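What follows is a single structure, written as structure tokens, with notes after it.
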Amino acid sequence: TLRFLKEGYATRTINNVVVTNSGPTVTDIKLMPLNPVPPAPELIYPAIGDTLDINMFTFDWSDPVYSSTFLLEVSDGPEFETFVILDSNLTDSEYDIISPLNNSHYFWRVKAGNANGWGPYSETSDFFVNVATKIKTNQLLPDGFMLYQNRPNPFNSSTQISFVIPADSKVEMEIFDITGAMVAKLVTGWYTAGLHNITWEGLDYNGHYVTSGIYFCRLKSNGLSKVRKMLLLN
């Protein structure tokens, strides 16, 4: 019996090996990766042919087996010659738009990868953005109440957190640690409707740097609440 071992690969065992007086026989042996590349993800939202009346939303797709990272491509053409969004460092099977999309026809696809490489692309899906212009102080306002995933995430030293409120209202943004204890309050006060960006420098109430770990950002406004998980690596 021969056993072949290689780090990161499955053990391959070959039984009934015969050695003759004429010398050893060389045989090609292929070791298969322990975790093969992931299969193609399935696109969930926007669905194919959707017409959206919002220009800031969350792309959503399935999380196939063996996947650890994702590549998202969004283009204004089916050949993906130019990109509206191109991000290959995604660790979650979703993507929050921070900059509003223009009214247009878009195409998108995703593929998943791991340490052994990238898997195949998903099927290409398309959608339309058709948002009526809302004018207030000469600015286009995003719709809805939304707390976006902080970027970068994981982060070191500082990260940006963006949120949208649909109307002028009081806003509170708080940071909690994994035990549920509040460590910082980033926002408390009245904000105008629209998109706002907040930077957290990783400091607690007393101005001290918090330790590495998982933290939660909670946004509250006008009776609504949203939470995002963040990972700090000092």
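Are there any pairs, at least 6 apart or on different chains, whose C-beta atoms fall under 7 Å, with the first in segment 98-124 and surrounded by fewer than 15 Cβ atoms within 10 Å (Cβ to Cβ) and the second of a type in the set (S, T, N, Q), and if so, which? Pairs that qualify, where the first residue is surrounded by fewer than 15 Cβ atoms within 10 Å (Cβ to Cβ) and the partner is of a type in the set (S, T, N, Q), are Asn103/Asn130. The residues of segment 160-179 that are in contact with a Gly (Cβ under 8 Å, 6 or more places away or on another chain) and under 19 Å from Gly189 (Cα atoms), listed by number, are Val164, Ile165, Pro166, Lys170, Val171.
For segment 148-183, residues that are exposed (fewer than 14 other Cβ atoms within 10 Å of the Cβ), touching a residue at least 24 places away in the same chain (Cβ under 8 Å) and closer than 21 Å to Asn206 by Cβ total 4. Here Phe127 passes the criteria (1) modelled with pLDDT of 90 or more; (2) not in a strand (DSSP E or B) except the one numbered (2). Restricting attention to segment 63-83, the residues that are under 12 Å from the mean Cα position of the chain (by Cα) and part of a loop (DSSP other than H, G, I, E, B) total 2. Filtered by the rule that a residue be of a type in the set (Ser, Thr, Tyr), surrounded by 15 or more Cβ atoms within 10 Å (Cβ to Cβ) and under 22 Å from Asn150 (Cβ atoms), segment 63-97 gives Ser67, Thr69, Ser93, Tyr95.
Here Asp60 qualifies as modelled with pLDDT of 85 or more, surrounded by 10 or more Cβ atoms within 10 Å (Cβ to Cβ) and under 21 Å from Ala112 (Cβ atoms).
For Leu233, indicate whether it is out of contact with any strand residue (DSSP E or B) (no Cβ under 8 Å at 6 or more places or on another chain), surrounded by fewer than 16 Cβ atoms within 10 Å (Cβ to Cβ) and under 22 Å from Glu94 (Cα atoms). No: the conditions fail for Leu233. Restrict the check to segment 135-154 and report whether at least one residue is in a strand (DSSP E or B), modelled with pLDDT of 90 or more and among the charged types (D, E, K, R). No; the residues of segment 135-154 include none that is in a strand (DSSP E or B), modelled with pLDDT of 90 or more and among the charged types (D, E, K, R). Looking across segment 184-217, the residues that are surrounded by 15 or more Cβ atoms within 10 Å (Cβ to Cβ), assigned to a strand (DSSP E or B) and of a type in the set (A, V, I, L, M) come down to Ala184, Leu186, Val187, Leu195, Ile198, Leu203.
A quick yes/no check of all residues on (1) closer than 24 Å to Asn89 by Cα; (2) of a type outside the set (Asp, Glu); (3) touching a Gly at 6+ places or on another chain (Cβ under 6 Å):
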residue: Phe155; (1), (2), (3): yes, yes, no
residue: Ser158; (1), (2), (3): yes, yes, no
residue: Ala181; (1), (2), (3): no, yes, no
residue: Leu186; (1), (2), (3): no, yes, no
residue: Glu201; (1), (2), (3): yes, no, no
residue: Ser212; (1), (2), (3): yes, yes, no
residue: Asn222; (1), (2), (3): no, yes, no
residue: Lys229; (1), (2), (3): yes, yes, no
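The values are calculated or read from the model by the stated rules, or taken from the named source; none is laboratory data. Just so it is clear, the model here is predicted, and its values are computed rather than measured. When we count neighbours, we look across all protein chains shown, and the Cβ atoms used for this are built from the backbone with ideal geometry, even at glycine.
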